[in-house]
Amino acid sequence: MDREKTYGLLLSRFPGIIVRDEPLSRHTTIQIGGPADLFCEVNSVKTLLPVLQSSCELRIPAVVIGGGSNLLVDDKGFRGLIVKFVNREPLYLDFPLLTVSAGQTLRELLEYTAEHSLSGLEFLAGIPGSVGGAVYMNAGAYGKTISELVRRAVIIGNDHELQTVSPDFFQFNYRSSILHACPRIVVSVTLEVSRGDASAIRKECERVIAVRAGKHPKPSVPCAGSYFKNLPPERPGENRRAAGYLLEQAGAKSMKIGGAGVYSEHANIIINTGNATAQDVLELGKKMKKAVFEKYNIMLEEEVRFLDAQKGII
Ligand SMILES: Cc1cc2nc3c(=O)[nH]c(=O)nc-3n(C[C@H](O)[C@H](O)[C@H](O)COP(=O)(O)OP(=O)(O)OC[C@H]3O[C@@H](n4cnc5c(N)ncnc54)[C@H](O)[C@@H]3O)c2cc1C
């Protein structure tokens, strides 16, 4: 069956839910990305499952995204279906375990924990995106990662059944999980929290956000966070080496290609200065990587995930 026919079939099965030719620049924080042939925003597992099942049956490639805060999308968009998971089912607390939908934003999660005097997640304050994206990326800051709190999760298995998995399943690593090599959709996550004082929790979140504000561009400046991963510690017990420091020493701060430029306050952040294309960002990333390699003989590794129009996330 040709592509247009299968698209037509999927659209007819989910009228009013799946749309055509949605610009993905609207769904990424760096505001770059061509159109997805098919796109839907899904706010329940009840819709997510049949949508993914149907796209699989019709052999239409599908990719699930969250807040698009760690994504660079191809200028050609995506030949298939993009599902934006924005499920905001109520959180469920069975202390010390807190279960949250993967479509919930980290921000909403932190609002809930502060309101209910639950501590342990404050280091995530200010990180954009969804809980699902945070698990996929093993997001974190200040030496802590979400993986330390994950006690179990519900994912969509190979046969489109819901499956509960333990933290071992994810093979968490620095800004990585098994989901990079073996994509599965995270539906919900159960985190272990501790009791705390609501005002102290809020204060700590505010402190973390204030520290971040000194380093990151304002929320109105389009970017995707750190472009490259930090490097492993030189000696056991030491902190990771900041890729931003090496980039700065290698002269990255003055680099710019087309509409993509390096943020003046942080050499590991690429910003969209207006009309940047994904190609501009990719070329700038290459130039930054080359400069560090030539100065330090170190090959940086991209943290931002690239969504290729044909191959999906690579
Ligand atoms: C200003 C700024 C600051 C940032 N600071 C930090 C930081 O301090 N620390 C940090 O770790 N990151 C940081 N980031 C990066 C980003 O916010 C995190 O990686 C975040 O966790 C990504 O979540 P998301 O929902 O936006 O994922 P997306 O960008 O939407 O997707 C990222 C990947 O996750 C996959 N994915 C998304 N949802 C699911 C799901 N439900 N199931 C399976 N896979 C899924 C996608 O397919 C994609 O491959 C920053 C980004 C910005 C813009």
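The values are calculated or read from the model by the stated rules, or taken from the named source; none is laboratory data. Everything numeric here is computed off the predicted structure, so don't read it as measured data. Note that we place each Cβ from the backbone using ideal geometry, even for glycine, and neighbour counts take in every protein chain shown. With ligands, DNA and RNA removed, areas are computed over all heavy atoms of the protein, side chains included. Shrake-Rupley method; radii C 1.70, N 1.55, O 1.52, S 1.80 Å.
Can you say whether residue 228 is open to solvent by 30 Å² or more (accessible area, probe 1.4 Å), more than 9 Å from the ligand (Cβ to nearest atom), among the hydrophobic types (A, V, I, L, M, F, W, C) and more than 19 Å from residue 105 (Cα to Cα), as far as the supplied structure shows?
no
If the requirement is being touching a strand residue (DSSP E or B) at 6+ places or on another chain (Cβ under 6 Å) and surrounded by fewer than 18 Cβ atoms within 10 Å (Cβ to Cβ), which of these qualifies: 161, 192, 238?
Details: 161 fails: touching a strand residue (DSSP E or B) at 6+ places or on another chain (Cβ under 6 Å); 238 fails: touching a strand residue (DSSP E or B) at 6+ places or on another chain (Cβ under 6 Å).
One residue alone meets the criteria, 192.
Of 300, 282, which residue is surrounded by fewer than 21 Cβ atoms within 10 Å (Cβ to Cβ) and either part of a helix (DSSP H, G or I) or in contact with a helix residue (DSSP H, G or I) (Cβ under 7 Å, 6 or more places away or on another chain) (or both)?
Within the list 300, 282, the selection yields 282.
Could you identify the single residue in 240, 207, 195, 202 that is basic (Lys, Arg) and without any contact (Cβ under 8 Å) to a residue 24 or more places away in the chain?
207
Can you name every residue in the range 286-308 that is more than 17 Å from the chain's Cα centre (by Cα) and either within 15 Å of the ligand (Cβ to nearest atom) or among the basic types (Lys, Arg) (or both)? Don't jump to the end; show me each part of the working.
Initially, the range 286-308 is screened for residues more than 17 Å from the chain's Cα centre (by Cα), giving 286-300.
Correct list: 286, 287, 289, 290, 295.
Can you give me the number of residues within the range 69-115 that are without any contact (Cβ under 8 Å) to a residue 24 or more places away in the chain and not aromatic (Phe, Trp, Tyr)? Give the derivation first.
First pass over the range 69-115, keeping only residues without any contact (Cβ under 8 Å) to a residue 24 or more places away in the chain: 90-92, 94, 107-109, 111-112.
Those left that are additionally not aromatic (Phe, Trp, Tyr): 90-91, 94, 107-109, 111.
Residues that pass the stated criteria total 7.
Which residue is nearest to the ligand (Cβ to nearest atom), if the candidates are limited to the range 175-192 and must be within 21 Å of residue 110 (Cβ to Cβ) and either β-branched (Val, Ile, Thr) or free of Cβ contacts under 8 Å to residues at least 40 places away in the same chain (or both)?
Going through the qualifying residues, I end up with 186.
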